[in-house]
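The values are calculated or read from the model by the stated rules, or taken from the named source; none is laboratory data. Bear in mind the structure is a predicted one, so any value in this text is a computation, not a measurement. Positions of Cβ are backbone-derived with ideal geometry, glycine not excepted, and every protein chain shown enters the neighbour counts.
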């Protein structure tokens, strides 16, 4: 029983990110801010950053196991698919395959790649000291 409860706190970052993504994608199109000439860049970058953070929170849930990076990526992309489906039912919004395939996927992939590079680098520095 105690061992099964120890995983609950590891879910907190992932659940928080999922909630933030859900709340933002629940906003009707009229409620979204406009960033004028930077609108497209800001909104697509926020997709990449949001799903990058979600992938990292899934990786934390999976205890940073080196063989589970692919699973953290897959979980983030699958959540992206469900979020785009949800977004298709929100007034003034539409689902976009491009958001999933390009921005959400790449955001998760790049975040996990950066984590791999810098986490291993930090581990090697610690081992050398």
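The set of residues in region 16-47 that are within 16 Å of residue 89 (Cβ to Cβ) and within 18 Å of the chain's Cα centre (by Cα) comprises 21, 22, 23, 24, 25, 26.
Kindly check whether there is at least one residue in region 30-49 that is in a helix (DSSP H, G or I), modelled with pLDDT of 95 or more and either touching a strand residue (DSSP E or B) at 6+ places or on another chain (Cβ under 9 Å) or buried (at least 20 other Cβ atoms within 10 Å of the Cβ) (or both). Checked region 30-49: at least one residue is in a helix (DSSP H, G or I), modelled with pLDDT of 95 or more and either touching a strand residue (DSSP E or B) at 6+ places or on another chain (Cβ under 9 Å) or buried (at least 20 other Cβ atoms within 10 Å of the Cβ) (or both). Quick check on region 57-74. Is at least one of its residues in a loop (DSSP other than H, G, I, E, B), modelled with pLDDT under 95 and exposed (fewer than 12 other Cβ atoms within 10 Å of the Cβ)? Yes, region 57-74 contains at least one residue that is in a loop (DSSP other than H, G, I, E, B), modelled with pLDDT under 95 and exposed (fewer than 12 other Cβ atoms within 10 Å of the Cβ). Output the residues belonging to region 82-107 that are assigned to a helix (DSSP H, G or I) and under 19 Å from residue 41 (Cβ atoms). Matches in region 82-107: 98, 99, 100, 101, 102, 103, 104, 105, 106, 107.
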